[in-house]
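Some notes on the structure that comes next.
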Amino acid sequence: MRIAIPVTGDRLDEHFGHCEKFAFVDVDPGTKAVIATTEAGAPEHQHGLLPPWLKERGVTLVIAGGMGAHARSLLQEASIEIHTGAPAETAAVLVARYLDGTLESSDRACDHTCAH
């Protein structure tokens with residue numbers, strides 16, 4: 001499984017579509033062990049671009065803060081699971097909490113007034 005987390009600096013960016021880069025964390029779903037962590041600069045912001053970009057990179061889950069309805073819909077169409085409402089932590093902390101079941105989720109939407 002490949003998890004993508006939108007980050008700016010070393011922490012989750014509250015605004016999914018305007019992050020600086022993505023942290024990609026590869027996890028063995030059987031053992032829940034982290035296999036590898038990489039980063040890639042986010043493409044220039046364009047509505048609808050991120051879901052296919054993430055799918056091309058093998059992403060199966062996105063952990064995000066807030067996310068707009070359109071992005072949520074496009075990710076679901078691309079068969080990418082979504083976990084929103086995450087706090088502004090590092091990718092390592094977020095993945096560890098997701099894997100041990102302690103990362104809470106919400107349907108927090110993003111209305112373009114999120115803090116960057």
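Structure above, values below:
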| quantity | calculated |
| --- | --- |
| Fraction of antiparallel bridges per DSSP, region 1-103 only, in percent to nearest 5 | 75 |
| Highest-MSF residue in the chain out of Ile35, Ile82, Ile63 [GNM, Cα springs under 10 Å] | Ile35 |
| Within region 9-25, backbone nitrogen closer than 12 Å to the virtual label 7 Å beyond the Cα of His45 toward Cβ | 14-20 |
| Mean separation of Cα contacts under 8 Å (6+ apart) over length of the chain, as relative contact order % | 30 |
| Contour excess over end-to-end distance, with Cα ends at His18 and Ala33 and 0.36 nm allotted per residue | 2.5 nm |
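All of the numbers you see were taken from the coordinates with simple rules; none came from a lab. Quick caveat: nothing in here was measured; it's all calculated off a predicted structure. Using ideal geometry, Cβ is built from the backbone for each residue, glycine included, and neighbour counts are taken over all protein chains shown.
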